[in-house]
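These notes are about the structure you will find just below.
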Amino acid sequence: MEVKEATTTPAGRTDVLEKLRDDAYKIRRYALQMGEVQGQGYIAQALGYADVLAVAYGHALNYRADDPTWEGRDRFLLSHGHYAIAHYAALIHSGILPASELETYGADDSRLPMSGMASYTPGMEISGGSLGHGLPIGVGMALALRQKANPAFVYVSMSDGELNEGSVWEGAQSATHHRLANLINLIDMNNQQADGPPAQILSGEPAAKRWEAFGWYTQEVDGNDLQAVYDAFERARYHKATQPRVIVLRTCMGHGVDFLEAREKNHFLRVEEDEWQKAIAVLDANHLKGEQG
Ligand SMILES: Cc1ncc(C[n+]2csc(CCOP(=O)(O)OP(=O)(O)O)c2C)c(N)n1
Ligand SMILES: [Mg+2]
């Protein structure tokens, strides 16, 4: 596999949004490069969620790339462990993981296994795989941080399929009961579960109304609109009331690579060998044109 450098940011674009657009592009690109190593994977999710990860790692989170266990860091809990490829891409882009390890994705003894594992990977706070546990763990972490007077935030990242899990709703009511203002839950509403759209499996709608009813400060935004995502992250962090915060993010699977976006069975994508470089070329071209991706 050829690992070429990403296209540089078009000259003269210095504002925050342009920087985040560049972050999102590079996260998508690293994810595609890892996908090529295995020939398959949760690529449509990574492309769809890259804008959210760009705002998280490119703007919102406090962390030290050279000290991933720094006590003052904001915790980012990847509850949907199968999104690890997306998270690794963000960790590589933010300097927490070296880009040279990208080639090891999914291999035996790699620090980048297919599902997120806290014991393997710097920057991976929890082990995923069994869905529905990130929020309850995040509640415990947020309580502990508050107890220790540590001002760090806990960001939980979860998928719409996880809304099917009872443990999520136990966590949701515990968070309001304990008034956890240092807890921000991010939900990737990509309208997909393993076997199809939630409306045909077990719907989590109307999502925003449900979270609001549970007492959360709730926002719902287009998760591929960087400005909207940025604003929502800011409001979530600086909201004054002592209540937990949730952002319902409507994303489009495969975003930034139109021919992957159009695939129907996109929970686990199998991509032809020659299509990976084609996908990277589409992404590069869109980026140079100044479009999303
Ligand atoms: C507790 C649990 N139940 C079932 C699974 C099997 N599983 C793996 S991914 C997945 C889909 C969950 O929905 P979502 O994360 O929204 O899917 P995506 O958006 O990635 O297509 C399921 C059911 C699991 N990992 N854990
Ligand atoms: Mg989903």
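None of the figures in this text is laboratory data; all of them are computed from the coordinates on show. Bear in mind that the values here come from a model prediction, so they are computed numbers and not experimental data. As a convention, Cβ positions derive from the backbone with ideal geometry for all residues, glycine included, and neighbour counts pool all protein chains shown.
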### Query
Does residue 122 qualify as being more than 16 Å from ligand 1 (Cβ to nearest atom), of a type outside the set (D, E, K, R), under 17 Å from the mean Cα position of the chain (by Cα) and surrounded by fewer than 23 Cβ atoms within 10 Å (Cβ to Cβ)?
yes
### Summary
Pairs returned, first residue in region 267-289 that is over 11 Å from residue 28 (Cα atoms) and within 16 Å of ligand 1 (Cβ to nearest atom), second residue that is small (Gly, Ala, Ser) and assigned to a helix (DSSP H, G or I), beta-carbon separation under 8 angstrom, 6 or more apart or interchain, are 267/44; 269/35; 269/44; 271/35; 271/279
### Message
Within region 182-214, take every residue that is of a type in the set (Gly, Ala, Ser) and crowded, with 16+ Cβ neighbours inside 10 Å and give me the one that is nearest to ligand 1 (Cβ to nearest atom).
### Response
204
### Task
Select from region 215-254 the residues that are within 17 Å of the chain's Cα centre (by Cα), under 22 Å from residue 141 (Cα atoms) and crowded, with 19+ Cβ neighbours inside 10 Å and write down the one among them that is nearest to ligand 1 (Cβ to nearest atom).
248
### Task
Enumerate the pairs (first residue in region 39-66 and free of Cβ contacts under 8 Å to residues at least 12 places away in the same chain and over 20 Å from residue 187 (Cα atoms); second residue anywhere and of a type outside the set (Phe, Trp, Tyr) and surrounded by fewer than 24 Cβ atoms within 10 Å (Cβ to Cβ)) with beta-carbon separation below 8 Å, excluding pairs fewer than 6 apart on the same chain, so at least 6 apart or on different chains.
64/73
### Query
Residues 217, 155: which one is over 30 Å from residue 264 (Cβ atoms) and in contact with a His (Cβ under 6 Å, 6 or more places away or on another chain)?
217
### Query
If you go through region 244-260, how many residues are farther than 27 Å from residue 146 by Cα and assigned to a strand (DSSP E or B)?
1
### Query
From the residues in region 183-201 that are in contact with a strand residue (DSSP E or B) (Cβ under 8 Å, 6 or more places away or on another chain) and aliphatic (A, V, I, L, M), which one is nearest to ligand 2 (Cβ to nearest atom)?
189
### Summary
When residue 166 is run through (1) away from ligand 1 (no atom under 11 Å from the Cβ); (2) farther than 21 Å from residue 84 by Cα; (3) of a type outside the set (A, V, I, L, M), the failure sits at (1)
### Task
Determine which single condition residue 179 fails, assuming it passes every other condition in (1) surrounded by 21 or more Cβ atoms within 10 Å (Cβ to Cβ); (2) more than 29 Å from residue 22 (Cβ to Cβ); (3) touching a residue at least 40 places away in the same chain (Cβ under 8 Å).
(1)
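Considering each of 231, 225, 284, 258 in turn, give the residue that is closer than 18 Å to residue 42 by Cα, away from ligand 2 (no atom under 16 Å from the Cβ) and charged (D, E, K, R).
Numbers: 231 fails: closer than 18 Å to residue 42 by Cα; 225 fails: closer than 18 Å to residue 42 by Cα; 284 fails: closer than 18 Å to residue 42 by Cα.
None of the other options fit; the residue is 258.
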### Task
Would you please list the contacts, defined by Cβ atoms under 6 Å and residues six or more apart or on different chains, that run from a residue in region 147-164 that is without any contact (Cβ under 8 Å) to a residue 60 or more places away in the chain to a residue that is more than 8 Å from ligand 1 (Cβ to nearest atom) and not in a strand (DSSP E or B)?
160/204; 163/204; 164/202
### Task
Have a look at 82, 93 and point out the one that is surrounded by 15 or more Cβ atoms within 10 Å (Cβ to Cβ) and either hydrophobic (A, V, I, L, M, F, W, C) or in contact with a strand residue (DSSP E or B) (Cβ under 9 Å, 6 or more places away or on another chain) (or both).
82
